[in-house]
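Here's the structure, in structure tokens; my notes come after.
Each value in this text was obtained by applying a stated rule to the coordinates, not by laboratory testing. As the structure is a prediction and not an experimental result, all values here were calculated from the model. Cβ: placed from backbone, ideal geometry, glycine included. Neighbour counts: every protein chain shown.
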Amino acid sequence: MTGNNAVIGIDGPLLVFGGPYGNLQATEAVLSVAVGRGIPPSRIVCTGDLVAYCGDPVATIARVRDAGIHVVMGNCDEQLATGAPDCGCGFPEGGACDRLSSAWFQCVDREVGASDRRWLAALPRRLDIEIGGRRLRIIHGGADVINQFVFATTPLDEKRRQLSLGLADGCHGIIGGHCGMPFTQVIDGRLWHNAGVAGMPANDGTARGWYSVLTPVRGAIEVTHHAFDYDHRAAMAAMARGGYPDEYRAALESGVWPSCDVLEAHERTVQGAALTPGTLRWLASERRPGLSAAWPAWPVPLTAAEADAPAACC
Ligand SMILES: [Fe+2]
């Protein structure tokens, strides 16, 4: 495990995934993908939330812990480690997510022991890596708030603000998690990347989990979003055995979240529309504020209005 201030050198393709969420089968599947691709634990990053909606929190923590990969703390990990009363996701009070999270958090709280909580408490809140000559900051939610939701259509100025926080440390981009949906954007030449999550579908009407691979190539970093199938019915059975909420158990098969409480308007609109895996290249020369819609982005192209907006702080 690496401390908060270390910079990790990455020499080769980097596999990124988020949100194991206590889904042992999905976690096993994504770690098996890494083995199949020949990617060692030293080049695997998890963006946090080892525990959440699904029914095998203890085994999932053990699997990630034993894998020896890099992990940043998620808000669910933090809340569990500190004995907080809820997941700290920041769901609107009284909404469906708020009600359901209270139910699964109680299940997780009953099962996870002191040793695992100490391990979760020691996770770093951020990691800096260097890959292909770029430095990237790995966080869970927002750059300064662990449970901030940052989606593909979160306003660019908010992303610019967060990207600017890493400038003093020489960071050229952010790898984040938390929101549960994969996306990649290049903003004023800097990268914002979210690999999505392994343990819950991407609200796209399929049961697939998501991960990404960042590969240094000549003059660029190639970012590829991948989907994977796994034994989601075994994960559903574990949730039933543990008394976890039916709504999230159903979501593992339907691919549709039980609530859109936290989503931006666009992400609500595309609920149930299957994502197609995609690749973009983050070029070293892409440092052109004000560039129009040619900015690379996946899966949501920036609108002309967004792309033409002046840079606020970078
Ligand atoms: Fe989270």
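Using 0.36 nm per residue and subtracting the Cα-Cα separation, the extra length available between residue 228 and residue 58 on full extension is 58.9 nm. Evaluate E = 1/(1 + (r/R0)^6) for residue 218 and residue 110, where r is the Cβ-Cβ distance and R0 equals 45 Å; express this FRET efficiency to the nearest 0.05. In this case the efficiency is close to 0.30. Relative to the dominant Cα principal axis of the chain, helix 232-242 is inclined by about 50°. The Kirkwood hydrodynamic radius of the chain, based on inverse pair distances between different Cα atoms, is 19.2 Å.
Between residue 168 and residue 118, the modelled label-to-label distance comes to 3.4 nm, taking each label 7 Å out from Cα in the direction of the beta carbon. Once the C-beta distance of residue 283 and residue 42 is scaled by a Förster radius of 25 Å, the resulting FRET efficiency is 0.45 to the nearest 0.05.
Residue separation of residue 250 and residue 135 scaled by 0.36 nm, minus their Cα-Cα distance, works out to 37.5 nm of gained length. Here the extension length gained between residue 268 and residue 65 equals 69.6 nm, from 0.36 nm per residue of separation less the Cα-Cα distance. Shape class for segment 60-150, computed from the alpha carbon gyration tensor (a ≥ b ≥ c): oblate, with a/c not under 1.5 and a/b at or below b/c. Helical runs (DSSP H, four residues minimum) scored at -39500 (n - 2.57) apiece and divided by the length of the chain put the mean residue ellipticity at 222 nm at -8500 deg cm²/dmol.
Each Cα pair under 8 Å and six or more residues apart adds its separation to the average, and for the chain the resulting relative contact order is 21 percent.
Residue 139 sits among other residues whose Cβ lies under 11 Å from its own Cβ, and their net charge, with Lys and Arg +1 and Asp and Glu -1, is +1. As a calculated quantity, the FRET efficiency between residue 144 and residue 276 at R0 = 30 Å, using C-beta atoms, amounts to about 0.35. Springs between Cα atoms under 10 Å define the GNM used for the chain, and in it the highest mean-square fluctuation of 220, 265, 250 occurs at 265.
Label separation (residue 11 vs residue 161): 4.0 nm, computed from points 7 Å beyond Cα along the C-beta direction. Its Cα centre serving as origin, the chain has a Cβ charge dipole (Lys and Arg +1, Asp and Glu -1) of approximately 780 debye.
Across 57, 40, 155, mean-square fluctuation computed from a Gaussian network of the chain (C-alpha pairs under 10 Å connected) peaks at 155.
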